[in-house]
Amino acid sequence: MKIGVFVCHCGSNIEATVDTASVAGTARAFPDVAYATDVMYSCSEPGQDGIIQAVREKGLDGVVVASCSPRMHETTFRRAVERAGLNRYMLEMANIREHVSWIGKDREANTNKAAELVRLAVEKLRRNRALFPKSFDITRRVLVIGGGVAGIQAALDCADGGLDVVLVEKTSSIGGKMAKLDKTFPTVDCSSCILGPKMVDVAQHERIALHAYAEVEEIGGYVGNFEVKIRKKATFVDWSLCTGCGLCMEKCPSRKSHDAFNEGVGLTTAINIPFPQAIPKKALIDARFCRQFLKGKCGVCAKVCPSGAIRYEMEDEVITEKVGAIVTATGFDLFDHTKYGEYGGGRYPDVITSLQYERLLSASGPTGGHVKRPSDGREPRTVVFVQCVGSRDTSVDRPYCSGFCCMYTAKQAILTKDHIPESQSYVFYMDIRAPGKLYDEFTRRAMEEYGARYVRGRVAMIYPKGDRLLVRGADTLMGEQVEIEADLVVLAVGAEAAAGSPALAEKLRISYDKYGFFMESHPKLRPVETNTAGVYLAGACQGPKDIPSSVGQGSAAASKVLGLFSRQKLESDPQISQVNQRRCVGCGKCALTCPFGAVKMIDVRGEPKAEVIETVCQGCGICAVTCPQGAVQLEHFTDNQILAEVNALCQS
Amino acid sequence: MSQALTYAYYPGCSGLGTSREYDQSTRAVCDALGIGLADIPDWSCCGSSPAHTVDHVLSAALAARNLAKVEAMGRDTAVTPCPSCLTNLRTASHRMADNAFRERTNALLDTPCRNTVTAKSVLQILAEDVGLDALARKVVKPLAGLRVAAYYGCIMNRPPEVMRFDDHENPMAMDGILAALGADVRPFPLKVECCGASYGVARRDIVARLSGRLLAAAEDVGAEMVATACPLCQMNLDLRQGQINSAGGTSHHMPVLYFTQLMGLALGVPEERLGLDKVCVSPRGALRAAAERAAAETAKGSKA
């Protein structure tokens, strides 16, 4: 075997603390090394050409590049050796930048360490073999989980791009949080007016199959060929017959049902269509409140329904869909403010959440857009907004900033003035975070044009005083205590991961952080990909996001899916596990430890054996270290290759 | 309570002086409930007031001397009525969890403290170890009709990571006990607010303002009596009520009793063992009004 070694200067990044020429010189003495040199910038065009030329002229079989982290340029150099006519896996990188030159100043020690790393790479390369990806067919359909604005955008973009889309929404209508908002910042345009048409587009798009009031139950398969079980929860109304006329709602005698769409402000009927613009506009029965279910008799809706759509005996139905890619857009939930005992812990009716306030402001809300206090229906004169409730507070384990609360609070202060001109708003804030196009100008407008008084400091306590609320806090700019008698207090509750996110992540086999938000593949460069191939993220399920960012991510995820499906067939990464079935004793430990479900147990002439599903395996290597027999080997990282590296290090 | 509860008991300095009725009523109530209180022999200052503002090790040593004596008694729980003592004993334990700190503390002591004792308030053992159901069964004279606000003071539950008892913003232990005794416990929003504490000496105006606010809030929720668990709170609200009234132009007449005194009444403890005559604003009127209200309620109930 003839190996070429290229030691990169990376300008002065490496050369400043590593004698690259000396490393190249040392490398010439390593076994099988036929050529070694130092290069100014190996990733540059002349650098790559130099590698290609050397392969051709010296007849090299493999190449070691000693430069930066393979995370940076492995793909670059693999392409280069491929252009030189070698298999792309006949490349090894020695990371002498992040692991050497950037972390140590002792030139001599650095040079020695760099040489040792090159030696490892050479020993590994001597045991490399050519690997070839396999190709397989793909199902050109996409599953979008979550029908909020991010999911809607992803579904529409995919469908417009010619893909069949399966959209699954947990509640009975798409629209998500945005449908509950009155207005949007910083333009103060009507939320349902801009979202509504998109929702209608979803309903009318021939390529989108919408499953509302449904949840993903199980996900099997792999990129290109997922099989998804979807539980369509019982609505007790045959939606193929329901016309959304709303007669059942008018007649339903059970009028004290929890109104989830209105965030518990006001009540609704047991059979209901959540809001006038709902998509699909279909009724469903909340069995927790329906007299037919609670008392066994009523049947009013069945009697009045002109199309005979009521089905009290309906049961959940599980359907299976085959898709090639999945976009997760499950959004967020609001922080539970009752954890703040000092803000009343939910005991005071006139201390409400920001989303409840949106419903009070909304013309389609329970008060018809008239701001009324929940306790006595009186119109408030003094409204206090408290920022960062469940954001930037380690005492409730929410150290992160939710990002959008500063903006929606400014919007709500403006709308309060619009609704009640003689009102006065106060906003207690920590810092105003308004980094977006026209955002800071917007918060200034709330202060300067709408006269909202911003008080920089935390609220220490809210308690009732007569029929008003006393809000006590600090004004840290003035260095004094502030007490405000308020009629209504609005808590700017932060975002947290949607309930059930970790469970869904485990079904999708993607990672999530300690707060339950899904992890992207790279925080900067791969923001909508996950580390499971074929699964993408959009919107606030990845972290708190406002509407523009969520829409942007919806489109980004769609473009990733379209890109994936633009290929005729998919190639599988050959760096995966292989089972030597002669050594396999069928203990099944590998199948148990595989986080991706890529190992299945098969029967070979009456004996259990492990087999790796090549398209599912992600090449993590857990099975290889689990196998007590050494029967599982991870291609390109076999025991022999790794031991050769260890030996090179320990014996040199 | 199949098994007799016995605790090492730390009365604290105020229990021997300004809050003798708290100590007396605590002992009487525990007696009535079959709880043994074994006085810590030769106990000394808990390290409150000046020491902890000057030197944490010195303050912890004062507390640790007492904790070591509890260890010598072979007990693992020390009980005190006073929240200030409790804070110091618990803070010392908390700090001594750090071995280096404990060594520095023990260097000041003749008998080293192993830090094996948990200090608890009388309120905590009554609420947690006796329990509300057991307590309700022992009531012989319910506090029916008594409109009372439970006031915990600012340090009984805070900081939560040290005190580890009840909700630190909305504690309910005393509310629960008083309700179990039959009282009409009002939702008192300022139950953990500051009374002004030792500023009663240096800045009477501050105490007049803060304690005045507490009395006004208690009246606001319809309370006719305040139950406290802290000698300093009791003193500020009760002894200084006249000062509060003259400073604020108010006319509060709010009896302020220790919750243990009210417990004693409900459990049928003879009044002379509860020190009801030790408080400044007499509770007689409020107790009489409650009894009348309860009687009227019963009459109405029997008529219906």
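The values are calculated or read from the model by the stated rules, or taken from the named source; none is laboratory data. Computed from a predicted model, the values in this text were never measured in an experiment. Note that each Cβ is placed from the backbone with ideal geometry, even for glycine, and that neighbours are counted across all protein chains shown.
Summary table below
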read-out	value
Members of the stretch A:300-355 found to be outside any loop (DSSP other than H, G, I, E, B) and within 14 Å of another protein chain (Cβ to nearest Cβ), listed by number	A:His337, A:Thr338, A:Lys339, A:Gly341, A:Glu342, A:Tyr343, A:Val351
Verdict on A:Ala460 being touching a residue at least 24 places away in the same chain (Cβ under 8 Å), small (Gly, Ala, Ser) and in the same structural domain as A:Lys417 (by TED's automatic domain parsing)	yes
Single match in A:Gly147, A:Gly104, A:Gly162 (criterion: within 18 Å of A:Ala557 (Cα to Cα), part of a loop (DSSP other than H, G, I, E, B) and over 23 Å from the mean Cα position of the chain (by Cα))	A:Gly162
Enumeration of residues in the stretch A:478-489 that are out of contact with any Asp or Glu (no Cβ under 8 Å at 6 or more places or on another chain), surrounded by fewer than 13 Cβ atoms within 10 Å (Cβ to Cβ) and either within 21 Å of A:Ala413 (Cα to Cα) or within 12 Å of chain B (Cβ to nearest Cβ) (or both)	A:Glu483
In the stretch A:623-637, the residues that are β-branched (Val, Ile, Thr) and surrounded by fewer than 20 Cβ atoms within 10 Å (Cβ to Cβ)	A:Val625, A:Thr626
Single residue of A:Ser172, A:Ser192 found to be assigned to a loop (DSSP other than H, G, I, E, B) and more than 29 Å from A:Lys569 (Cα to Cα)	A:Ser172
Number of the exception - B:Ala127 against (1) within 30 Å of A:Arg472 (Cα to Cα); (2) more than 14 Å from chain A (Cβ to nearest Cβ)	(1)
Residue within the stretch B:234-241 that is touching a His at 6+ places or on another chain (Cβ under 7 Å) and under 24 Å from B:Asp184 (Cβ atoms) present	yes
Residues that are among the hydrophobic types (A, V, I, L, M, F, W, C), closer than 16 Å to B:Leu267 by Cβ and touching a strand residue (DSSP E or B) at 6+ places or on another chain (Cβ under 7 Å), drawn from the stretch B:1-45	B:Leu5, B:Cys30, B:Ile35, B:Leu37
Test: residue in the stretch B:182-204 that is of a type in the set (A, V, I, L, M, F, W, C), more than 14 Å from every other protein chain (Cβ to nearest Cβ), in a helix (DSSP H, G or I) and surrounded by fewer than 23 Cβ atoms within 10 Å (Cβ to Cβ)	yes
Complete set of residues in the stretch A:408-448 that are hydrophobic (A, V, I, L, M, F, W, C) and in a helix (DSSP H, G or I)	A:Ala410, A:Ala413, A:Ile414, A:Leu415, A:Phe442, A:Ala446, A:Met447
Residues that are aliphatic (A, V, I, L, M), away from every other protein chain (no Cβ under 14 Å) and buried (at least 17 other Cβ atoms within 10 Å of the Cβ), drawn from the stretch A:448-477	A:Ala452, A:Val455, A:Ala474
Residues of the stretch A:544-575 that turn out to be under 21 Å from A:Ala325 (Cα atoms) and touching a residue at least 12 places away in the same chain (Cβ under 8 Å), as a count	21
Close pairs (6 angstrom Cβ cut-off, 6 or more residues apart or separate chains): in contact (Cβ under 8 Å) with a residue 60 or more places away in the chain in the stretch A:145-165, of a type in the set (S, T, N, Q) anywhere	A:Ile145/A:Thr328; A:Ile145/A:Thr330; A:Gly146/A:Thr330; A:Val149/A:Ser550; A:Ala150/A:Ser550; A:Ala150/A:Gln553; A:Gln153/A:Ser555; A:Asp157/A:Ser555
Check on B:Ala208, under 30 Å from A:Gln481 (Cβ atoms), in a helix (DSSP H, G or I) and within 13 Å of another protein chain (Cβ to nearest Cβ)	no
Residue tally, condition in a helix (DSSP H, G or I) and touching a residue at least 12 places away in the same chain (Cβ under 8 Å), over the stretch B:246-267	11
Any helices (runs of 4 or more DSSP H) falling wholly within the stretch A:558-652 and containing at least 1 residues that are touching a Pro at 6+ places or on another chain (Cβ under 8 Å)	A:589-593, A:622-626
Breaking point among (1) part of a loop (DSSP other than H, G, I, E, B); (2) within 14 Å of chain B (Cβ to nearest Cβ), for A:Ala499	(2)
Lone qualifier among A:Lys124, A:Lys177, A:Lys134 - being in contact (Cβ under 8 Å) with a residue 60 or more places away in the chain, charged (D, E, K, R) and surrounded by fewer than 17 Cβ atoms within 10 Å (Cβ to Cβ)	A:Lys134
Flag for A:Glu520 being in contact with a Leu (Cβ under 7 Å, 6 or more places away or on another chain), more than 17 Å from A:Val323 (Cβ to Cβ) and not small (Gly, Ala, Ser)	yes
Every pair of residues 6+ apart whose Cβ atoms lie under 9 Å, when the first sits in the stretch A:517-529 and is outside any strand (DSSP E or B) while the second is among the basic types (Lys, Arg) and surrounded by 11 or more Cβ atoms within 10 Å (Cβ to Cβ)	A:Glu520/A:Arg526; A:Val528/A:Lys560
